[in-house]
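Student: Supplied in C-alpha cells, the structure appears directly below.
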Amino acid sequence: MSLLRDHDLARAFDHASHTYDSLTSLNPGYRTDLLRSARRLRLPGDGAGLHILDLGCGTGASTLALLRAAPRARITAVDASAGMLRRATAKPWPAHVRFLHLTAEEVAAADEGPFDAVFAAYLFRNVTDPDALLGSVRTLLRPGGRLAVHEYSLSGSRTHRALWTAICRGVVIPAGTLTGDRALYRHLWHSVLAFDTAPAFRDRLTRAGFTGVRAAPVAGWQTGIVHTFLARNGLRAEGAGLPAGDGAGTAKERTR
Ligand SMILES: C[S@@+](CC[C@H](N)C(=O)[O-])C[C@H]1O[C@@H](n2cnc3c(N)ncnc32)[C@H](O)[C@@H]1O
C-alpha cells in the first residue's frame, strides 16, 4: 500500500483543491455528517466566549460545520495545503473565523492555544505520528476541553471493509482519476484500510490520556465506515473548561 505523507500529501491536496468541493458534494451526507459531528461537541451558548481549533480544515467544509454548531465561537482553522486553504479563504467568513497555513503538528509551537475544543475531520488517518499529534492536542486544549475527531475508521467487520473497497473501486477512484487526482484517491482508499478500526482509535485516545472517550456512528452508507470520536482533556479542573456533560450526545443521537 502506498500512502502519501507530509509534503507529498500537501502537494496532492494542492492539486485536488480545484475539484474537492464538487467531488465531496457528490457524497451524500458529507456536509450533514460534519455538522452532526461538530454538534456532538455540544458547545454551550452557541460557543460564546470559546476558542475552537479546526485541524486540517481543507476547503472549509469542517470550519463551516463548526460555525453552524457554534456561531458565536472564535474559530482558528489550519491546514498544511496552501491550495486547500486558498479555496477556504475565498469563501465569505465572519471576522471571528481565521485561517492559518500551518501543519497540525506545528500549531502548539506557533503558540496559538489554548482552545476550548478541537475538531479534526478526515485528518488523523493522514498524519505520520497520530500519538504525537494527540499529545500535542492535549497541550492545546484547556483542562476539560473537548475533542471531536470525524474520521473514516472502519467498524472492524468484514462487511464494512469490503463495502469500503467496493465504493473506492466503483466510485471514488474512477471519479478521482477523471479529475487527475488518482494517487490521492488511492491514498484515501488505502489509508482507511491501514488506519485504526473504531475500537482501536478509541483505545488510542484513552492511551493518550483523554477521558470520556466514545465513538458514535454516522448515518447513511457511511455507517460502520465513518465515526465521530468524542473525548475530553482529562478531568475537568474546578472552575475551568467547558461544563461537564455527555459530549457524545443523547443515546438517540449516538445510534443515528
Ligand atoms: C480530506 S481533507 C478534509 C478537509 C476538511 N476537514 C473537511 O472536512 O472537508 C484533509 C485535509 O487535511 C489536511 N492535512 C493532512 N495532513 C495534515 C497535517 N499534518 N497538518 C495539517 N493539515 C493536514 C490536508 O491538506 C487536507 O486539506
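The values are calculated or read from the model by the stated rules, or taken from the named source; none is laboratory data. Predicted, not measured: the structure shown is a model, and the values here were computed from it. Note: ideal-geometry Cβ built from the backbone for every residue, glycine included; neighbour counts use all protein chains shown.
Student: Can you tell me which residues in the stretch 110-135 are in a strand (DSSP E or B) and within 10 Å of the ligand (Cβ to nearest atom)? Please lay out each step first, then the result.
Tutor: Restricting attention to the stretch 110-135, the residues satisfying the condition of being in a strand (DSSP E or B) are 115-121.
Across the stretch 110-135, the qualifying residues are 119, 120, 121.
Student: For residues in the stretch 90-109 being part of a helix (DSSP H, G or I) and either surrounded by 15 or more Cβ atoms within 10 Å (Cβ to Cβ) or of a type in the set (Phe, Trp, Tyr) (or both), which is farthest from the ligand (Cβ to nearest atom)?
Tutor: Residues of the stretch 90-109 part of a helix (DSSP H, G or I): 104-106.
Now narrow it down to the ones that are either surrounded by 15 or more Cβ atoms within 10 Å (Cβ to Cβ) or of a type in the set (Phe, Trp, Tyr) (or both): 104-105.
On the way: 104: 4, 105: 6 Å.
My answer is 105.
Student: Let me confirm something: among 234, 212, 247, which residue is within 22 Å of residue 132 (Cα to Cα), at pLDDT below 95 and in contact with a strand residue (DSSP E or B) (Cβ under 9 Å, 6 or more places away or on another chain)? I'd like the intermediate steps shown before the answer.
Tutor: Numbers: 212 fails: at pLDDT below 95; 247 fails: within 22 Å of residue 132 (Cα to Cα).
Step by step, each of 234, 212, 247 is checked, and only 234 is within 22 Å of residue 132 (Cα to Cα), at pLDDT below 95 and in contact with a strand residue (DSSP E or B) (Cβ under 9 Å, 6 or more places away or on another chain).
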